[in-house]
Amino acid sequence: YELGYKQSFLNNTFYFGSAVFQQTKLGVQIGRAMVKVKDEGVELDAVYQPSKQWAFNANFTYQDATVYGNYFFQETGNYLDSYNPDYIVNGLPGTGYGEPNFTGYVPPSGKMRAPGIPQLQANLFLVYTSPMGWGGGIGPQIQGKQYANDQETLYIPLEEEWDGYLFYGLKTWDVRLNIKNLLNQ
């Protein structure tokens, strides 16, 4: 389900869109039945194009993805099981249990935040197009913290990456060179 609003302002040089959404789907668990995944959130988009040469694009998304189930398969009981006790990972010593040890996770409330899906995502791009058809764009891509395991003990921190592109185009075709992670972060 999605409900949104779109509007243009300033003689069609500024566009704004917003949407709230709820998506429900079934996800696959190894050796188990399908589980329900519910993703709810809000998305905001804005584009400002004061001239044919310049455009500014921005997008912001907040989402809360929840997985419902009473058992989730894992190859290890703890991500630290793969490491020896004298090896430090994220400031913690490994357990030394080894892996795979094929355990499962039972969320206390029958639901958990879906691992691998950040709650926040955003980007901002500045784009220039010359009258002759060539141009370029640059801006940051931001992904919020996302959990990498079911217990929410291992996570990928907030990431910021500056991307860019160069292009040449005509009305019916264009060629683009995308450059990811310009600052090598």
Open item on the list: Please go through (1) more than 21 Å from the chain's Cα centre (by Cα); (2) on the phi < 0 side of the Ramachandran plot for K25 and return the number of the only condition it doesn't satisfy.
Closed with: (1)
Open item on the list: I'd like to know if the range 135-146 contains one or more residues that are in contact with a strand residue (DSSP E or B) (Cβ under 7 Å, 6 or more places away or on another chain), more than 30 Å from W54 (Cα to Cα) and part of a loop (DSSP other than H, G, I, E, B).
Closed with: yes
Open item on the list: Can you list residue pairs whose Cβ atoms sit under 6 Å apart, with the first residue in the range 92-121 being more than 27 Å from V42 (Cβ to Cβ) and the second being among the acidic types (D, E)? Count only pairs 6 or more apart in sequence or on different chains.
Closed with: T95/D81; Y97/D81; E99/E75; E99/D81; P100/E75; Y105/D150
Open item on the list: Quick check on my filter: what residues within the range 67-123 are surrounded by 15 or more Cβ atoms within 10 Å (Cβ to Cβ), assigned to a loop (DSSP other than H, G, I, E, B), modelled with pLDDT of 85 or more and of a type in the set (G, A, S)?
Closed with: G94, A114
Open item on the list: Anything in the range 124-134 that is assigned to a strand (DSSP E or B) and of a type in the set (S, T, Y)? List them, or say none.
Closed with: Y128, T129
Task: Selection from the range 75-91 of residues that are in contact (Cβ under 8 Å) with a residue 12 or more places away in the chain and within 29 Å of A65 (Cα to Cα) - done: E75, T76, G77, N78, Y79, L80, D81, S82, N90
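The values are calculated or read from the model by the stated rules, or taken from the named source; none is laboratory data. Since we're looking at a predicted model, the values are computed, not measured. Backbone-built Cβ (ideal geometry, glycine too); neighbour counts: all protein chains shown.
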